[in-house]
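The values are calculated or read from the model by the stated rules, or taken from the named source; none is laboratory data. Bear in mind the structure is a predicted one, so any value in this text is a computation, not a measurement. Cβ placement follows ideal geometry from the backbone for every residue including glycine, while neighbour counts extend to all protein chains displayed.
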Amino acid sequence: MAPSPLVYLCRELTKVRQAGGARFELFVPELRIRPGEVVVLRGESGCGKSTLLDLLALALRPDGAATFSFRPVHRTPTDLLRLWGRGDLDGLGRLRGAHIGYVLQTGGLLPFLSARENIALPCRLLGRDPAALIERQVVSLAERLGIGGQLDKSPGQLSVGERQRVAIARALAHRPSVLLADEPTASVDPLSAAAILELLLELVRQSGVTAVMASHDWQPEAIPGVQVLGHRIERDGETTRSLFWS
């Protein structure tokens, strides 16, 4: 049987940051992520987990790579290096908007929209579903996440845990191929964090999306089917090099 096509294929992917005399380099020798996989980024604070997620989200330009391709479900692979090289920000934005959902550490909700409107926003921006279908999708996700009674509240009226659940619903509402989550429970208490992560994993597996998450709140090694990326830190004088690989 032929292997599943890869959602992401990265080889020698590099991103460099300079701060004063210190130099930080994120380096991914090789990363292969297949459809439906749940991948976890582990490592100390500041090791580049968020940077790698931003690269996978097509929101951050790499400084170099031998290969960097993205293949959403039912599409041919896209050479992201070619899009970045020709400055095709519209093409990158279309891929990101249609095929990627992103849960940020702080939720990233728009304060002037209700929870309902925040969840529906990606669907409305794509313009591919009628209003009644979007509303059914919003209500279904909200109920599964335990926030069905909070939809007409603004983010400021919600608890931190409720805001993160709204952010998860928003990231999944447009039925993306990939869900990225950057420390989605960093701001909530341990009990709420465990409940939110359990719900997130359940939704990911039910929807069949590919998920890449950074989190310090759980032990993914104990969960069947979760791939933890290899990681190590190398330091040489003023340069810190962080490596992730699958």
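Considering Val40, Val73, the condition of being over 15 Å from the mean Cα position of the chain (by Cα) and at pLDDT below 95 is satisfied by Val73 alone.
Within the range 170-216, the residues that satisfy the criterion of being in a loop (DSSP other than H, G, I, E, B) and not charged (D, E, K, R) are His174, Pro176, Ser177, Pro184, Thr185, Ala186, Ser187, Val188, Gly208, Val209, Ser215, His216.
Just one of the numbered conditions (1) surrounded by fewer than 21 Cβ atoms within 10 Å (Cβ to Cβ); (2) within 18 Å of Lys49 (Cβ to Cβ); (3) hydrophobic (A, V, I, L, M, F, W, C) is not true of Ala167: (1).
The sole residue among Thr51, Thr106, Thr76 that is touching a residue at least 24 places away in the same chain (Cβ under 8 Å), of a type in the set (Val, Ile, Thr) and more than 30 Å from Asp152 (Cβ to Cβ) is Thr51.
Part of a helix (DSSP H, G or I) and modelled with pLDDT of 95 or more: is that true of Gly149 in this structure? Here the answer is yes, as Gly149 does meet what is asked.
Of all residues in the range 8-61, those that are more than 12 Å from Ser242 (Cβ to Cβ) and among the hydroxyl-bearing types (Ser, Thr, Tyr) total 1.
Selection of strands (runs of 3 or more DSSP E) fully inside the range 1-98 by the criterion of at least 2 residues being closer than 22 Å to Ser207 by Cβ returns 22-33, 38-41.
For Ser177, the stated conditions hold: it is touching a residue at least 60 places away in the same chain (Cβ under 8 Å) and closer than 26 Å to Ile134 by Cα. Just one residue in the set Glu238, Glu221 is of a type in the set (D, E, K, R), at pLDDT below 90 and in contact with a Gly (Cβ under 7 Å, 6 or more places away or on another chain); that residue is Glu238.
Per the listing Thr51, Thr14, Thr76, the residue uniquely exposed (fewer than 15 other Cβ atoms within 10 Å of the Cβ) and β-branched (Val, Ile, Thr) is Thr76.
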